[in-house]
1. Residues of the stretch 7-20 being exposed (fewer than 14 other Cβ atoms within 10 Å of the Cβ) and farther than 14 Å from His125 by Cα, which ones?
2. Looking only at the stretch 124-138, filter to residues that are in contact with a Phe, Trp or Tyr (Cβ under 6 Å, 6 or more places away or on another chain) and buried (at least 18 other Cβ atoms within 10 Å of the Cβ); which one of those is farthest from Thr19 (Cα to Cα)?
3. Pick out the one residue from Gly77, Gly121 that is crowded, with 19+ Cβ neighbours inside 10 Å, touching a strand residue (DSSP E or B) at 6+ places or on another chain (Cβ under 7 Å), part of a strand (DSSP E or B) and at pLDDT 95 or above.
4. One residue is enough: does the stretch 121-129 have a residue meeting the conditions aliphatic (A, V, I, L, M) and touching a residue at least 24 places away in the same chain (Cβ under 8 Å)?
5. Would you be able to tell me the number of residues in the stretch 31-73 that are surrounded by fewer than 24 Cβ atoms within 10 Å (Cβ to Cβ), basic (Lys, Arg) and at pLDDT 95 or above?
6. Might you let me know whether the stretch 135-143 holds any residue that is in contact with a Leu (Cβ under 6 Å, 6 or more places away or on another chain), without any contact (Cβ under 8 Å) to a residue 24 or more places away in the chain and in a strand (DSSP E or B)?
7. Within the stretch 84-111, which residues are in contact with a His (Cβ under 9 Å, 6 or more places away or on another chain) and part of a strand (DSSP E or B)?
8. Just need a number here: residues in the stretch 144-158 that are farther than 21 Å from Pro51 by Cα and not in a helix (DSSP H, G or I).
Amino acid sequence: MATSLQMLRIEPKIVGGKTVIPAFELANQIEFPQQNGCYLTTVEHQARGVPTLGQLRHAFDTSQPFKQAVYAQRSCGEWTSTAWEDGKYVHEVARLVSDGDTWEVEGGVRTKVRMPEDGWGLDYHPTLGVPTKTGDREDAVARFGQDASYFLGDKEGFRPVLRGLSLDVGGPFYVDAHCGPDGRYSDVGGRACRRSEHLGTRGSEYSGQESGKVAAQPATSRNEVSRLGTDVPRPRVLDEEAVAELKRYRSQIDEGLRGIDDILSRLE
């Protein structure tokens, strides 16, 4: 039986007497809306107001009902309002507009954070939720137990961040930052987020401290590409060989998509 959609209240995060993440509400389910028979792209999900990775991390760490909801939706992921630029800067709630060759970044907040190497998350940014230190699985398990999770990123270009759950590969808070802004996948959706009134209106959230242009990523030509589904090879433990297998699989997908784009460009 499907679980009814509910909003879960997440209490604010307070550090040193200062509220660093105001209270907010998150839906207890990820949704996978479509438009004209196509799953939404990363940018389209972000435009709907999905939560930041920092909000998801805070909720995962502090709310048992939310953590239970995360574990209930296995083998699927969700887009966030967080993105990495060139592995050096983290953007939150920015608006992306493409002119065909570049993505223009409007508004949001831009923070300098170095992307770590691929690996198991050991430390996370206190407000942004992105991993700041990675290492071996054994160290992550020693610190987080069954919540130990993997990170996979690309340090070139503008990379929206998704959170996924894949217990036998990446853990419940698997963070992926290698997809392009126009990626669309059948098993990566979005979660409704209702921000606290203390954050002001939605418009003010998007009024910009930072804006600029970044290189556009190759377009995703297929409507459904399973990122976390059962067709992905699933080693039980992410050792070096398993990581190499995942990267080879990712390269095969990227190569196939480039081939499709080439065929489509010739047809046009």
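The values are calculated or read from the model by the stated rules, or taken from the named source; none is laboratory data. Please read these numbers as outputs of a predicted model, since none were measured by experiment. Glycine gets a Cβ as well: all are built from the backbone with ideal geometry, and neighbour counts include every protein chain shown.
1. Passing the criteria: Met7, Glu11, Ile14, Gly16, Gly17, Lys18, Thr19.
2. Only one residue tops the list, namely Thr134.
3. One residue alone meets the criteria, Gly121.
4. Yes: the stretch 121-129 contains one or more residues that are aliphatic (A, V, I, L, M) and touching a residue at least 24 places away in the same chain (Cβ under 8 Å).
5. 1
6. Yes; the residues of the stretch 135-143 include at least one that is in contact with a Leu (Cβ under 6 Å, 6 or more places away or on another chain), without any contact (Cβ under 8 Å) to a residue 24 or more places away in the chain and in a strand (DSSP E or B).
7. Initially, the stretch 84-111 is screened for residues in contact with a His (Cβ under 9 Å, 6 or more places away or on another chain), giving 84-85, 90, 105, 108-111.
Matches in the stretch 84-111: Trp84, Glu85, Val90, Val105, Val109, Arg110, Thr111.
8. 5
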